[in-house]
1. Return the residue satisfying two criteria in turn: it lies in the stretch 88-112 and is loosely packed, with under 14 Cβ neighbours inside 10 Å and not small (G, A, S), and of such residues it is nearest to the chain's Cα centre (by Cα).
2. Which members of the stretch 288-317 meet the condition of being surrounded by fewer than 19 Cβ atoms within 10 Å (Cβ to Cβ), in contact (Cβ under 8 Å) with a residue 24 or more places away in the chain and either aliphatic (A, V, I, L, M) or within 30 Å of A255 (Cβ to Cβ) (or both)?
3. Which one is modelled with the lowest pLDDT, of the residues in the stretch 1-23 that are of a type in the set (A, V, I, L, M) and assigned to a loop (DSSP other than H, G, I, E, B)?
4. I need a count of the residues in the stretch 61-84 that are closer than 19 Å to D171 by Cα and of a type in the set (G, A, S).
5. For the stretch 29-54, give me the residue count where each residue is in a helix (DSSP H, G or I), crowded, with 19+ Cβ neighbours inside 10 Å and without any contact (Cβ under 8 Å) to a residue 60 or more places away in the chain.
6. Looking at the stretch 177-188, I want the residues that are at positive phi and have a partner that is surrounded by 12 or more Cβ atoms within 10 Å (Cβ to Cβ) and part of a helix (DSSP H, G or I) with Cβ atoms under 9 Å, at least 6 apart or on another chain. Which pairs are those?
7. Name the pairs whose Cβ atoms lie under 8 Å apart, with the first residue in the stretch 94-110 and within 14 Å of T6 (Cα to Cα), the second aromatic (F, W, Y) and not in a loop (DSSP other than H, G, I, E, B), and 6 or more positions between them or separate chains?
8. Looking at the stretch 113-130, which of the residues that are within 17 Å of the chain's Cα centre (by Cα) and modelled with pLDDT of 85 or more is farthest from A155 (Cα to Cα)?
Amino acid sequence: MLALDTSALRNKHNLLAFSAGVDSSALFFLLQEEGISFDIAIVNYQTREQSKEELRHAKALAKKYKLFCHHINAPHYPTHFEEKARTFRYEFFESLIQIEGYDNLLTAHQLDDQLEWLLMRLSRGAGLYELLGLHSITQKPSYKLIRPLLSHPKASLLDYLNTHQHPYFIDQSNSDEKYERNQFRQSFSHPFMQKYSQGIQRSFAYLHQDKALLESGFETIYQEGSLYIIKLYEAKSKAKACDLRLKQLGYLLSASQRKEITQEGSLVIGEKWAIESKDDLVYISPYLDIAMPKTFKESCRVAKIPNKIRAYLFQEDISPSSLP
């Protein structure tokens with residue numbers, strides 16, 4: 001029996017990233033069973049003849065279940081396909097979120113994906129936060145990224161589809177070992193998951209619980225656009241808090257940058273992100289170099305807003321007095 005936690009989805013404007021494969025098809029029909037309202041978005045990478053049939057299928061499903069199907073053709077990527085395709089895909093989703101006002105983006109990542117991610121990061125040297133890169137709910141600046149299937153093995157999704165005779169497609173490129181993820185899947189994660197799925201399921205649950213305890217040293221108390229204000233309960237949590245928030249904003253810190261954050265109270269990371277500390281508060285925002293009127297600067301001074309954050313407030317029309 002597949003159970004979904006739909007508490008974050010009800011009475012929300014949801015967008016499902018759909019591919020017509022096993023995972024997203026299972027999520028599609030489970031959401032239908034739960035009475036969750038959603039639309040779908042599908043990207044045609046034009047790399048397989050079958051992709052045209054998958055798009056027709058997606059449109060037919062949308063018509064049958066009276067929901068909207070957003071679709072787009074991706075350009076041809078002769079090199080670095082996985083990275084470029086992912087960037088294009090999420091830019092498409094986020095443009096739809098902005099235009100249509102979706103609250104949540106739903107993806108069909110499942111337990112096998114969690115294990116693949118962990119093994120790939122483990123091979124490169126990573127800590128707990130990097131190893132657990134996939135979370136059930138991730139707060140983005142303007143929406144929530146939700147993965148309802150994250151604790152379910154792919155085999156259980158396939159069983160569900162076959163039992164209920166729901167249609168789905170098998171993407172043969174998922175077996176092509178020229179892609180690094182597929183190498184890890186075929187050689188390591190798939191045979192391991194087949195033999196130890198229940199233990200892996202429990203281990204990930206425990207690891208996420210432990211991670212939540214480690215995050216108890218700080219709390220995000222304000223977020224507007226790409227501005228975060230974090231309250232530290234332990235000074236040693238500063239670098240980790242900044243690391244996590246910047247990851248949400250799409251920036252990965254190096255080891256030397258983490259050390260710099262620990263040592264400095266005011267700095268710019270990667271010529272892009274401003275990080276300022278004031279007492280037990282940490283401010284993170286895009287770093288901008290723009291002219292501001294004297295009246296705005298004075299209002300920032302009165303509100304005790306750190307210097308490097310002010311330009312972003314001005315650009316986004318955020319009142320300094322509204323900040324904690």
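The values are calculated or read from the model by the stated rules, or taken from the named source; none is laboratory data. This structure is a prediction, so every number in the text was calculated from the model and none was measured. A quick note on method: Cβ atoms are made from the backbone with ideal geometry, for glycine too, and the neighbour counts reach across all protein chains shown.
1. Initial filter on the stretch 88-112 (loosely packed, with under 14 Cβ neighbours inside 10 Å): 91, 95, 98-101.
Applying the additional criterion that residues be not small (G, A, S) yields 91, 98-100.
On the way: E91: 12, Q98: 16, I99: 19, E100: 19 Å.
Top of the filtered list is E91.
2. Within the stretch 288-317, L288, I290, P306, N307 meet the criteria.
3. Keep residues of the stretch 1-23 that are of a type in the set (A, V, I, L, M), which gives 1-4, 8-9, 15-17, 20, 22.
Going one step further and asking which of them are assigned to a loop (DSSP other than H, G, I, E, B), we end up with 1-4, 8-9, 20.
On the way: M1: 68, L2: 85, A3: 87, L4: 91, A8: 95, L9: 97, A20: 96.
In this case the residue turns out to be M1.
4. 1
5. Selection size over the stretch 29-54: 1.
6. If the second residue must be surrounded by 12 or more Cβ atoms within 10 Å (Cβ to Cβ) and part of a helix (DSSP H, G or I), no pairs are left.
7. Within 8 Å, the pairs are L105/F93; L106/F38.
8. R121
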